[in-house]
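*Asks:* Please read through the structure below; I'll follow up with questions.
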Amino acid sequence: MAGYNVTVSIDGATRDYLMGHSYSMYVFKGVQAGGGAVSTVWQTITGQQLYGQATNVINWTENFYIGETQVQMTNGATITGTAPYNGADGNPAPVALGKLYTYDTTGWQPQPKPGPQPQSFAITNLPKQTNNFYVSQNDSGQYIVVQNLVGNGGLGTFQPLESIAILLATQSYDTGTLIIQTYTPGIIAMLSGQAPNVQVAYNVNTGWSGPGNQTKNIGAVDSMYDALINATPG
C-alpha cells in the first residue's frame, strides 16, 4: 500500500503561544461520500507532542473500514454505537475499491458484491429506516466521514481522496467528532502516488504556509467536508 507523509513545522515562539492558550491540532481526511456527508476529527495532536517539538509527521497508508453508527449528523456529535463491517471470519475487515457492501436487518452481509465504480467502494442500506454509516482509517477509530443512506436499498459511494486538512483550535474534540464548519483557518495538503510527501508550516503571525502545487489554505467559515472534496492546489 502507498504511504503518505505530511510534515508540520512550527517555530518555537509559536509553540509557546499555542501552549499558553491550550491549543490542539486537529487533522481531517478527505473522502468523497456524496452530498450531505460530514467530516469527523481523524487525528488529534496536543500536549507535548505539539508544544515540545519543532515538527510533527502525519503519516498513513490508504486502508479503509466501514460501519453503521448511531451518531446524529450534527456539529460536535461524536460517533457512538458503531457496528463495523466484518469479513467472513467475523472480524473487522478492510474494504476494497470496486466492491459493494450490503447492510441488512441482521447487520453486514460478509461477502461484498461488484460495485458500481472501480475507484470507489459502495454501501447499500436494505432496512426500511435511514441509517448512518462511517468510514475509518483503521478498525479501532480514526474516523473520517459519516453519511446517511435512506432505507430499502439506498446506495452511497465513497471515493478516497489523497488529501488531509489541518487546523489549530482551543476547543477540545475527540476523534470521531463531527465538524460541519471549520472554526479556525487551516490548510489542506493534497498528495498523490507521484508526490506522497509535503511540508507545511504554521506561524502565529503569518498563519499556514506550504507549496502552492500541493496545498490550499481554508477559512474559518468553510464547510470542512466541502473544503476537502473541492480542494485544488494553490
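*Asks:* Here are some values of Cα extents along the principal axes in Å: (i) 56, 42, 31; (ii) 68, 44, 33; (iii) 55, 35, 31. Which one was computed from this structure?
*Replies:* (iii)
*Asks:* Within segment 4-42, list the residues whose amide N lies under 19 Å from a label point set 7 Å along Cα→Cβ of Ala220.
*Replies:* 14-15, 17-27
*Asks:* With the Cα gyration tensor of segment 65-159 giving a ≥ b ≥ c as the square roots of its eigenvalues, does the rule (a/c under 1.5 for rounded; else a/b larger than b/c for prolate; else oblate) give rounded, prolate or oblate? Working shown, then result.
*Replies:* Numbers: a/c = 1.36, a/b = 1.19, b/c = 1.14.
Here segment 65-159 falls in the rounded category.
Computed from the coordinates by the stated procedures, all read-outs in this text should not be read as laboratory data. All values reported here derive from a predicted model rather than from experimental measurement. Heads up, the Cβs are rebuilt from the backbone with ideal geometry, glycines too, and the neighbour counts pull from every protein chain shown.
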